[in-house]
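The values are calculated or read from the model by the stated rules, or taken from the named source; none is laboratory data. These numbers come from a predicted model, not from an experiment. Neighbour counts run over all protein chains shown; Cβ positions are idealised from the backbone, glycine included. Remember, those area values only see protein heavy atoms, side chains included, never the ligands or the DNA or RNA. Shrake-Rupley method; radii C 1.70, N 1.55, O 1.52, S 1.80 Å.
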Amino acid sequence: MKLMYFAWLRERVGMAQETVEPPPQVRTVGQLIDWLRQRSPGHAEALADLHAVRCAVNQDYAELDAPVAADDEVAFFPPVTGGRRR
Amino acid sequence: MIRVQREDFDVGQEIAMLAAGRPSVGAVVTFVGLVRDIADGRDVGAMTLEHYPGMTERQLGAIVEEAKRRWPLDAVLVVHRYGRLEPGDRIVLCIATSAHRQAAFEACAFLVDWLKTKAPFWKREETPQGSRWVAARASDDAAAERWHGKAPV
């Protein structure tokens, strides 16, 4: 799974992108976030406040219950400037 | 048509190219967004616009398609810049062309409102106090919301 981070999330995570292999029980964006928070203090800090984080799966906006799969491109970023609540 | 680019654009040239060979076009409405020197009461020296290559083009394309679905348009162009920009620089261009002015006016306003809330761009402003990421604006959400459920003209 390819992960991408933008704006201040990129700065807090400390990288623009990474490739990960989450365990099979990670099936949604929300579960992926829970798993990523354990990865490093930077991940935990970047993903601490989900009101300030938006997600896209394969370049379309996605909610926490959206499914994710091994070959997906998943991106995390702040609300776009100026932003939308999705 | 959409373009995402670092370079500046020539508004007159873009209009001429869009209208060329389309004698049915009776109205061309253009919006040009410029970088301002004041934001939320702070002086802004310059800003850097980051985006999500690939998703930006995909979302801008979807916005243009939605505009064409709602209004009888001939041609639509959205050009959005990224990278470092200074106050006064052109940052975004939206052009809507139609047989009649009302559709072109409304479609152009729609394009600007929606791209501000859907296109994945993030601004980092340089101010005398240092640089900072710009937070999203509730007023932009409100501007985009007014189009929800609105029937095509």
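Here the Karplus relation 6.51 cos²θ - 1.76 cosθ + 1.60, evaluated at θ = phi - 60°, turns the backbone of segment A:24-41 into coupling constants of x, 6, 7, 10, 10, 4, x, 5, 5, 4, 4, 5, 5, 4, 7, 6, 6, x Hz, with x for every Gly and Pro. Between A:ARG27 and A:ALA52, the FRET efficiency from the beta-carbon distance, with R0 = 22 Å, is close to 0.40. Figure legend: label point modelled 7 angstrom from the Cα of B:ARG101 along Cα→Cβ; residues of segment B:66-94 with amide N under 18 Å from it are B:72-74.
For chain A, which whole percent of the accessible surface, found with a 1.4 angstrom probe, sits on carbon and sulfur atoms? Percent of accessible area from carbon and sulfur atoms in chain A: 48.
Put a dot 7 Å past the Cα of B:ALA19, heading toward its Cβ, do the same for A:TRP8, and the two dots end up 4.4 nm apart. A simple spin-label model places the labels of A:GLN38 and B:THR127 4.0 nm from each other, with each point 7 Å out along Cα-to-Cβ. B:LYS116 contributes about 80 Å² of solvent-accessible surface, heavy atoms of the protein only, 1.4 Å probe.
Close amide H pairs (under 5 Å, H built 1.01 Å from N) link B:ALA46 with B:GLU126, residues at least 5 positions away or on another chain. The listed residues A:SER40, B:SER24, B:SER98 rank as B:SER24, A:SER40, B:SER98 when sorted by accessible area, largest first, using a 1.4 Å probe.
Once backbone amide H atoms are built at 1.01 Å from N, A:VAL68 has A:THR28, A:VAL29 as its partners under 5 Å, excluding neighbours fewer than 5 places away on the same chain. Counting only heavy atoms of the protein chains and using a 1.4 Å probe, B:ARG6 has close to 130 Å² of accessible surface. Mean residue ellipticity, 222 nm, helices only, the protein assembly as shown: the sum of -39500 (n - 2.57) across DSSP H runs of n ≥ 4, divided by residue count and rounded to 500, is -9000 deg cm²/dmol. Taking a span of 24 Å or more along the helix axis (Cα atoms) and a mean Kyte-Doolittle hydropathy of at least 0.0 as the rule, the DSSP H helices of chain B that qualify are B:101-118.
Of the GluC sites (Glu not before Pro) found in segment B:4-93, those that fall in a DSSP loop while having at most 11 other beta-carbon atoms within 10 Å are B:GLU7.
Between chain B and chain A, roughly 2000 Å² of accessible surface gets buried, counting both sides and using a 1.4 Å probe. For chain A, relative contact order (Cα pairs under 8 Å, six or more residues apart, normalised by length) works out to 38 percent. Whole-Hz Karplus values for segment B:121-134 come out as 10, 9, 9, 10, 8, 9, 10, x, 8, x, 9, 8, 6, 7 Hz, taken residue by residue from phi with 6.51 cos²θ - 1.76 cosθ + 1.60 and θ = phi - 60°; glycine and proline positions read x.
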